[in-house]
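**Q** Input: one structure, supplied below.
The values are calculated or read from the model by the stated rules, or taken from the named source; none is laboratory data. This one's a predicted model, so the numbers in the text were calculated from it and none came from an experiment. Areas reflect the complete protein model, heavy atoms only, side chains present, ligands, DNA and RNA absent. Shrake-Rupley method; radii C 1.70, N 1.55, O 1.52, S 1.80 Å.
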Amino acid sequence: PTGDSSVALQAQEEIIEMKDVFSVKLKRRRFAGQKKGGTLLGITIFKCLNKEENKLTDCAIHLNNLSEDHCQSWFRHLKEILNGFQTRPKSLKVFVNPSSHKREATNIYYEKVAPLFKLAGIKTDVTVTEYEGHALSVLKECELQAFDGVVCVGGDGSVSEVAHGLLLRAQIDAGKDTEYVSKPVRAPVPLGVIPAGTTNILAHTLYGIKHAVTATLHIVMGHIQAVDVCTFSTPSKLLRFGFSAMFGFGARTLALAEKHRWMPSSQRKDFAFIKTLADLKPEECELSFLPLQILQEDTHEKDRKKKERAEKGSKDQWQKIQGHFLNVSIMAIPCLCSMAPRGLAPNTRLNNGSMALIVVQNTSRTEFIKHLKRYSSAKNQFNFPFVETYTVREVKVQPRLKSGPDAKENMCLNAEGNYPWNIDGDLMREASEVHVRVHPQLIDLYGVNTDDLESSQVTCNCI
């Protein structure tokens, strides 16, 4: 303290957890146009700050000291601590989909994301995708060992393509068959998701919010969460790696929206939703599924043969239901979004090794609308006599082609005999049986702040 000694200024102590710090810089005063050198003022610590509603932001803490030796010593020591966080990326492969939502992904990346990556000293290699499947083709060829992670800036469809590409690349590198994948190899590097789409289900599920800065800081801080992934296959080939799928109403809505791509995204989705609801029709199919509890019971038994049979899914353990269904959802993650804040599948988790099978049987349009409205409220959306839920490890969906007088209608509705599927916001068409299996913790995603991050502290005595 200086000045009148009768004024007692007490030192205030503030503790900064180093696990919350992502960058440290020397602070200098420079003249206009001066790029190097300048008068040393101290050091600046950049910290990740938790705000309300799961939001993260960055803030700067300035520590003043005119001693070059002191500042350089503190700078080197703090950099050593930051370099000790092994999960934090130093080099990233970035994919930006410029066509996502309102074509804002490019601006989001260069204005909000890239500056934080630069501040954290993360090197980036950016690919702005030019067509559907571009990211997939790049991932098959690029040298992934040069990167600590892959980042996708886009919507659910873009993220799904990149996740599929990462896992497909893992099979190729391991010398595995990519046509039929029974036991997939884990993704080699984590995947970061920067929300820039319309719905952003995966981003909402990871962060609880659609916020590009929050997503970026989770990546910068190296917050990693292992996540379950599904394989979607026909009897002869792998269709896709993914996290969730819908057959019936959810798929028909997406198929109709894809036909009207000339419309703005929000209008297109609203139009498709209302039109599909007006033409509400069930699909006749057979569902076979392997309940999770059977596997859990056999896992605790000592007999290895029973455990092997459970993993393969022998005939006596599979359950079947047949009928006319308005919608079938198969989800390995909760699938949070603004329209369903509790999630489309609130009873599943990111990495519990199971899927939620949600079956909506044929009912009146009025009752179906009541069910849909429940997703945006706090009420249980499954508390209807026509809605059934199961916790499963595997599902087989076998559509029944209509015959007789209804055959023409069937061909018209399903695009030359192929039934539409909504897999993570991407439209796929398949005529034969689709087999869905969950694979526990197959990929790491940047997003969830783990509790076991190593921490150290810096104590600042501020006068």
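**Q** Could you tell me the distance between the Cα centroids of segment 251-281 and segment 33-77, to the nearest Å?
**A** 50
**Q** Can you tell me the accessible area per residue over segment 91-222, all protein chains present, probe 1.4 angstrom, in square angstrom?
**A** 39
**Q** Assuming 0.36 nm per residue, please report the length gained on full extension of the stretch Lys183 to Ala378 beyond their Cα-Cα distance.
**A** Contour length minus Cα-Cα distance gives 66.4 nm.
**Q** Multiply the residue separation of His70 and Ser338 by 0.36 nm, subtract the distance between their alpha-carbon atoms, and state the gained length in nm to one decimal. Could the numbers behind the result be given before it?
**A** Details: separation 268, 0.36 × 268 = 96.48 nm, distance 4.95 nm.
91.5 nm is the gain from fully extending His70 to Ser338.
**Q** In whole Å, what three semi-axes, largest first, describe the equivalent ellipsoid of segment 91-222 built from its Cα gyration tensor (square root of 5 times each eigenvalue)?
**A** Semi-axis lengths for segment 91-222 are 24, 16, 14 Å.
**Q** Using only Cα positions of the chain, each an equal point scatterer, no hydration layer, compute I(q)/I(0) via Debye at q = 0.09 Å⁻¹ and quote the log10 values to two decimals.
**A** Rounded to two decimals, the profile gives -0.67.
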